[in-house]
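Working notes for the structure below.
The values are calculated or read from the model by the stated rules, or taken from the named source; none is laboratory data. Given the structure is predicted, the values throughout are model-derived calculations rather than measurements. Every residue, glycine among them, receives a Cβ derived from its backbone with ideal geometry; neighbour counts consider all protein chains shown.
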Amino acid sequence: MLQSLHVKNLALIDEAEVEFEEGLNILSGETGAGKSIVLGSVNLALGSRYSKEIIREGADYGLVELVFRIRDEKQLKKLEELDIYPEGQEIILSRRLMEGRSISRINGETVTAGLLKKVSEILIDIHGQHEHQSLLYEKNHLAILDAFSKDASANIKEQVKETYKEYKELKQKLKEAALDEAQRKKEIDFLGFEISQIMEAQLEKGEDEVLEEAYKRMANSKKITGNLVHLYFTCDPYPTGCDTTATREVIQTLKEFGNHVQILTKGDGSRDFDLLDGEDWYGVTISCDAPMADEAEPGAVKPADRLYSLEKVKCRGVNTWVSFEPVLDPAAVLDCIKGCAYFIDRVKIGKLNYHPSDINWAQFGREAEDLCWEMGLDYYVKDSLRAEMEKAVGKP
C-alpha cells in the first residue's frame, strides 16, 4: 500500500508530507487549495511528463517521493523478477524534476523510465474519471478474464498449459534434430574443402622457409594502412540477389595497382576468395542469432553461413574480422564471440543506435570487452558504446 507522499518545490507547494492509513483516505479542501497538485505529484513520481512551470518559482528543482509498504507475496515475487528488493518491507520511489531532465530512483538507486513504469504497475493502480490504468495495457486483459471466470476455467486452463508445454518440448526437439543434421552436413563439406586444399597445395621441401618469410611480411602489414582500401559502409559489396560482378572487377583493379582490400558484408563473398591474400581483410556483420535475423535482416545471408565463410577464407591465410553492430541481441553476440574466436583476428563492438532500447549497454560493453580479452582477441569498442560504459562508471 501507499504509505506516504513527500512533495517539495512543486507549483504552490513549498514542502508537504502526506501520510496514508489502511483503508479509504480522503483529501478535502477548498477550490485552489492544492488537492490536484498533491494527487498529480503521484503521477509525476511514476514518470509522467511535466513542464518546467510545475517547478516552484525560484527553486532549482522539484522532488516527489512515494513510500510503499509491501506485504503481498505476489507483489514481492514480481518485484524480485525485476531485481527490486524491498528494504524493511518498504519501496521508495523518488523523482527529482529539473528543467529539461529528471532523475528517477528506487530505494536510492538510479533507474530507467522503463523500469520505473514496470515497478509502478505492480505497486499502484490509478483511477480517474476517464481512465483505469490496468485496463489500458493489453497484457493484463487475459489475467482479468481469468480472474473473472475463476474456478469455471481452472481445469481447462491447466489442460491447455500442459498441452502447450508438451507442444513446445516437441517443437524444440524437432528444431534440434534439424540443426544437428544441418551441422553434420556443414562439417562434412568443410572437411572436404580442407582436404582438397591440402591436396591442391602440393607441398614441397623447404616451403616452410618461404612461408615463414611470408608470415613476417604479413605480420608487418597491419602497420601499413596507406594502401588498404575499405569496401563497406557506403554499400554492401555483396548484396543478396544482386549482380556483384562489379565488386570482383573493383578488387582485381585495386590488386593490380598494389593495393589491398578490407571487406565487410552481410552477404557471401566466397566467389572472390581467390583474389585475396594474407594482406587483405574479409569481415562480416553480426547483429543477432538466426531467428531474430530472419525478421531484422530479411533477404540477408544467415549469420551462421556468414561465419562459415570466415572459416573458409581463414584457411587461405586471409585476415578475418567481425563487426558486431548494430547489436539487437547482446546474449547472442557474446555467444558468437566465444564460438568463433579461433578463426577471427579482430572484433569491432558497437550498440543499437537511433532506436529506443532497454538493453543495459554498459554491462554488455564490459562483458564483451572482458570476453575478448579472455579469448585473446584484437578488439575495438566504438565510441558510442564506450561512452555508455564510462557514463555508468560515473553514476552514484
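Observations on the structure shown:
- Every residue from segment 97-114 that is crowded, with 17+ Cβ neighbours inside 10 Å and without any contact (Cβ under 8 Å) to a residue 40 or more places away in the chain: I106, V111
- In segment 4-46, residue modelled with the lowest pLDDT [restricted to those that are in a loop (DSSP other than H, G, I, E, B) and among the charged types (D, E, K, R)]: E30
- Condition met for D272 (touching a residue at least 24 places away in the same chain (Cβ under 8 Å), in a helix (DSSP H, G or I) and farther than 27 Å from R184 by Cβ): yes
- Output for segment 271-291, where each listed residue is out of contact with any Phe, Trp or Tyr (no Cβ under 9 Å at 6 or more places or on another chain) and surrounded by 12 or more Cβ atoms within 10 Å (Cβ to Cβ): L275, D277, E279, D280, C288, D289, A290
- Single match in I55, I91 (criterion: more than 20 Å from L2 (Cα to Cα), free of Cβ contacts under 8 Å to residues at least 60 places away in the same chain and surrounded by 18 or more Cβ atoms within 10 Å (Cβ to Cβ)): I55
Listed here are the residues, each with its yes/no results for (1) part of a helix (DSSP H, G or I); (2) over 25 Å from the mean Cα position of the chain (by Cα); (3) free of Cβ contacts under 8 Å to residues at least 60 places away in the same chain.
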site: E80; (1), (2), (3): yes, no, yes
site: D125; (1), (2), (3): no, yes, yes
site: Q159; (1), (2), (3): yes, yes, yes
site: Q172; (1), (2), (3): yes, no, yes
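- Evaluated against (1) under 35 Å from the mean Cα position of the chain (by Cα); (2) modelled with pLDDT under 85; (3) in a helix (DSSP H, G or I); (4) not hydrophobic (A, V, I, L, M, F, W, C), S153 falls short on exactly one condition, (1).
- Here V313 fits the description: more than 25 Å from A362 (Cα to Cα), among the β-branched types (V, I, T) and crowded, with 20+ Cβ neighbours inside 10 Å.
- Checking the stated criteria, V38 turns out to be more than 30 Å from A143 (Cβ to Cβ), crowded, with 17+ Cβ neighbours inside 10 Å and either in the same structural domain as I126 (by TED's automatic domain parsing) or touching a His at 6+ places or on another chain (Cβ under 9 Å) (or both).
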